[in-house]
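Let me begin by presenting the structure, written as structure tokens, before commenting on it.
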Amino acid sequence: MIINNDIMKTVLFYTFWLIYLLSSLATLAMVFLDFGTVQADERELLINAFLVETAVAIFALFYSLFNLKNKKQQDSNHGVEKLQTRENYIQAQVTAIEKATKTIYFYISKLNIDSLSEDAKQINSALRHAASKNIKIQILVGATAERLQGAISLSNSANIEVGFDPALVLSDVTYLCIDSNVVIIGVKNNKNKNVKSNEWYTILSSTMVRSLVSIFEQNWNSPATLTLEQMLRTHLPSSIRASGEEAIAEKIGISVSQIAKYKDSKPFIILMLGRPGSGKTTVSTAMVSLLSSANIQAQHLTDIDFFYNIFNGEPSDLYEKTADGGYLVKNQELYTEATKEVAKNVIKDKQNYSFIIVELARSDYKNTTKTLIEEGVTPDLIVYLDVEYKEALARNLWRKDIDGLHFCSEDEMNATYKHDDIDSFESSADHNIVRIYNPHISKESGDILAKNIISVFRQSV
């Protein structure tokens, strides 16, 4: 049971006074009212004891009324120091950054370039100096286009990572964490988003510092948080169409030639590869769900509809039906056509989505990727779910009666998927490839893999 500290003090206070009152009444009764059998030589001892009790009681009263009150006030402020002016606040930030030895986490709605304010100039200069000492610096800012200029300026001039968090746009709190030991925090009480913070504190309390560091790390690793490159690819195309390349280049502080590559909308492409039964659909679906929950438009494309239409259309010598109710592809060019069809769907949907996850099962991944690129679809990350053939076959046959669309006949598994070229493709490919060995796929593990893949993707792009 948790008891409020103030209640405990009150109970102890009144208990003490009750004991004192009873002992005082008993002493007075024995000394002056002849209560009990008190010898003459004992009266003086009782009187002296009574005077000592009274002195102790008076001291305890004054201590509880004054000293304990002050102690309580000190405890409530333990580890928190209020900064009186904004100048004190900026200087505290600069000093803390200069004293950093390991890590700097900065949670701020917007970074300004040096020329916009003296405050920005001082802080940016301190951050650049810290970066020159190889101190790990991560900065989270709001995820809007007007935040790009300051982030680009600082990122280009120093080895500083900047992430863009959509939730930070509306935040009334800014904080700076130094070496997980101290936090400088600014609070904006005025709801006007253009008004700067008007209350400032230095926090040394280890509990509060740990909490803020934990919040920062969670936001930094969130699927909703974008890297600088991701921000440029998702936000610049519409801005360029509205204002032109030169205007946007001048606004955010990069060259027109750099702007040109962001002119057209290019969603991030994650290519999900692996045998049938390796868990590609489970993980891809979890990734779309995770990204969508962060208000990021994501699409999952496969070639299932292509093959369904082929197998349920006119009879063809491209395939034959198998005894177990599936199909055997007799001409491998059918897979190439399926890849091209998926690429067409990616091109068609690229204006509507920021992320597109393409799921394919093949035996020749080198040529499959080459076909995608020739059709205008270049993967930003390739993920291969590496499941042993026997395990993939067992999973695939198990789902025959559960999910007919995903069923691949045993003949097709033996003919196409028993062996693939992932080893040679991985060693020679000029792509970011993540190979996940023997994943045990369930709804829960699919969610975990989805988070890990998105985390790897953020680090690689």
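Scoring VAL162 on the criteria (1) of a type in the set (A, V, I, L, M, F, W, C); (2) part of a helix (DSSP H, G or I); (3) closer than 26 Å to SER292 by Cα leaves a single failure, condition (2).
Inspect the range 136-157 for any residue being assigned to a helix (DSSP H, G or I), touching a residue at least 12 places away in the same chain (Cβ under 8 Å), among the basic types (Lys, Arg) and more than 30 Å from SER238 (Cβ to Cβ) and give the result as yes or no. No, that holds for no residue. Do the conditions hold for TYR319, that is, is it open to solvent by less than 40 Å² (accessible area, probe 1.4 Å), under 19 Å from LYS280 (Cα atoms) and among the aromatic types (Phe, Trp, Tyr)? Against the criterion (open to solvent by less than 40 Å² (accessible area, probe 1.4 Å), under 19 Å from LYS280 (Cα atoms) and among the aromatic types (Phe, Trp, Tyr)), TYR319 does not qualify. Within the range 266-288, being open to solvent by 20 Å² or more (accessible area, probe 1.4 Å) and in contact with a helix residue (DSSP H, G or I) (Cβ under 8 Å, 6 or more places away or on another chain) holds for LYS266, ARG275, THR281, THR282, THR285.
Kindly indicate whether GLY325 is in a loop (DSSP other than H, G, I, E, B), in contact (Cβ under 8 Å) with a residue 60 or more places away in the chain and open to solvent by less than 50 Å² (accessible area, probe 1.4 Å).
Yes; evaluated as a whole, the condition is true for this residue.
Yes/no matrix, rows are residues, columns are (1) in contact (Cβ under 8 Å) with a residue 40 or more places away in the chain; (2) in contact with a Ser or Thr (Cβ under 7 Å, 6 or more places away or on another chain):
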{"site": "LEU170", "(1), (2)": "no, no"}
{"site": "SER197", "(1), (2)": "yes, yes"}
{"site": "ILE203", "(1), (2)": "yes, no"}
{"site": "SER206", "(1), (2)": "yes, no"}
{"site": "SER214", "(1), (2)": "no, no"}
{"site": "MET272", "(1), (2)": "yes, yes"}
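Residues in the range 157-202 that are within 23 Å of the chain's Cα centre (by Cα), under 23 Å from ILE248 (Cα atoms) and open to solvent by 30 Å² or more (accessible area, probe 1.4 Å): GLU161, PRO166, VAL169. Would you confirm whether any residue within the range 302-314 is under 23 Å from LYS266 (Cβ atoms), without any contact (Cβ under 8 Å) to a residue 60 or more places away in the chain, crowded, with 19+ Cβ neighbours inside 10 Å and not hydroxyl-bearing (Ser, Thr, Tyr)? Yes, the conditions are met somewhere in the range 302-314.
Within the range 360-461, which helices (runs of 4 or more DSSP H) (wholly inside it) include 1 or more residues that are open to solvent by 40 Å² or more (accessible area, probe 1.4 Å), within 25 Å of GLU341 (Cβ to Cβ) and at pLDDT 95 or above? Don't jump to the end; show me each part of the working.
Values: elements: 365-374, 389-398, 422-428, 443-460.
Correct list: 365-374.
Taking every residue in the range 222-240 that is more than 16 Å from ILE259 (Cβ to Cβ) and pairing it with any residue that is buried (at least 21 other Cβ atoms within 10 Å of the Cβ) and among the polar types (S, T, N, Q), at least 6 positions away or on another chain, the pairs with Cβ-Cβ distances below 8 Å are LEU226/THR234.
Residue-level check: of (1) surrounded by 18 or more Cβ atoms within 10 Å (Cβ to Cβ); (2) closer than 30 Å to ASP264 by Cβ, PRO237 misses just (1).
Would you check which residues across the range 146-156 are open to solvent by 30 Å² or more (accessible area, probe 1.4 Å) and either touching a Lys or Arg at 6+ places or on another chain (Cβ under 9 Å) or charged (D, E, K, R) (or both) and list them?
Restricting attention to the range 146-156, the residues satisfying the condition of being open to solvent by 30 Å² or more (accessible area, probe 1.4 Å) are 146, 149, 153, 155-156.
Scanning the range 146-156 gives GLU146, GLN149.
The values are calculated or read from the model by the stated rules, or taken from the named source; none is laboratory data. Because the structure is a prediction, the values reported are computed rather than measured. Cβ atoms come from the backbone with ideal geometry, glycine included; neighbour counts cover every protein chain shown. Areas reflect the complete protein model, heavy atoms only, side chains present, ligands, DNA and RNA absent. Shrake-Rupley method; radii C 1.70, N 1.55, O 1.52, S 1.80 Å.
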